[in-house]
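The values are calculated or read from the model by the stated rules, or taken from the named source; none is laboratory data. Predicted, not measured: the structure shown is a model, and the values here were computed from it. So basically every Cβ, Gly included, is an ideal-geometry build from the backbone, and we count neighbours across all protein chains shown.
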Amino acid sequence: MTRVRAVLFDLDGTLIDSAPDLGAAANRLRVRRGLAELPLDDYRSMAGAGARGMLGVAFGMTPDHADYETMREEFFVSYEGSMVEHTRIFEGVPELVRALGQAGLAWGVVTNKAERFTLPLTRQMPLFDSAAAIVSGDTTPHPKPHPAPLLEAARRLGLVASDCIYVGDDERDIVAGRAAGMPTVAATYGYLGARADTAHWRADASVDRPLDVLRVLADLKAEQTA
């Protein structure tokens, strides 16, 4: 590859489908309160919003609720106990990661998930053994859409930001990538893709499945060598 030397990814909704475990954690809070479980699909579109999204679906609770902080910690503990029970890697991601390695490209993760969850989760999934950098939402003082986490990932890789592209399934991923000076790719197969107008995110490219990232890389190489 010319110029592009690394690919950075969002985590939830981009590399892994963690919605079932996030939803199950929220359902456990409902059951404790004598409420029926909700279908896990009810939680899917809000999975990228973490505790805020899950508590919103499960209880209609917003961060300004008097009990929000207590409920959020209860949710965190519930999720912490079973983060990879039903979480799955999206189809095509292992092949994509393997192809990046064969092309001599590094790869890494930049997520808004707190280290409290990111590090144990990725340690339990062999896919992430080859990740050259994993940056969480609290690794830097500012989470996405601030560019700081992406710049930190580039620093850990020993690269300048423009050497990396960033792939994510939320508008904040694209905003952060653009602010960091990275080419951006919208993952339309993620949690927001089906209901969001991703064209308004102003990403440099979009992909309908993980392996399409290879097409984006090929197109960038063709542009840079033209």
Legend entry - Hits in segment 198-226 - residues which are among the aliphatic types (A, V, I, L, M), assigned to a helix (DSSP H, G or I) and in contact (Cβ under 8 Å) with a residue 60 or more places away in the chain: VAL213, LEU214, LEU217, LEU220
Inset, instruction - Confirm whether VAL160 is closer than 28 Å to GLU91 by Cβ and either of a type in the set (A, V, I, L, M) or out of contact with any strand residue (DSSP E or B) (no Cβ under 8 Å at 6 or more places or on another chain) (or both). - result: no
Legend entry - Selection count, segment 21-47, where residues are within 19 Å of the chain's Cα centre (by Cα) and β-branched (Val, Ile, Thr): 0
Legend entry - Residue count for segment 180-220, restricted to those that are closer than 26 Å to GLU152 by Cβ and surrounded by fewer than 17 Cβ atoms within 10 Å (Cβ to Cβ): 2
Inset, instruction - Just give me the residues in segment 106-138 being of a type outside the set (A, V, I, L, M) and surrounded by 20 or more Cβ atoms within 10 Å (Cβ to Cβ), in sequence order. - result: TRP107, GLY108, THR111, ASN112, LYS113, PHE117, THR118, THR122, PHE128, SER136, GLY137
Legend entry - ALA186 being part of a strand (DSSP E or B) and not aromatic (Phe, Trp, Tyr): yes
Inset, instruction - Would you check if there is a residue in segment 176-188 being among the aliphatic types (A, V, I, L, M) and free of Cβ contacts under 8 Å to residues at least 24 places away in the same chain? - result: yes
Inset, instruction - List every residue pair whose Cβ atoms lie under 6 Å apart, where the two residues are 6 or more positions apart in sequence or sit on different chains, the first residue falls within segment 148-168 and is modelled with pLDDT of 95 or more, and the second residue, located anywhere, is of a type in the set (Lys, Arg) and surrounded by fewer than 24 Cβ atoms within 10 Å (Cβ to Cβ). - result: LEU159/ARG5; ASP163/ARG5
Inset, instruction - Hey, can you tell me all the residues within segment 105-132 that are without any contact (Cβ under 8 Å) to a residue 40 or more places away in the chain, part of a loop (DSSP other than H, G, I, E, B) and closer than 15 Å to LEU15 by Cα? - result: ALA131
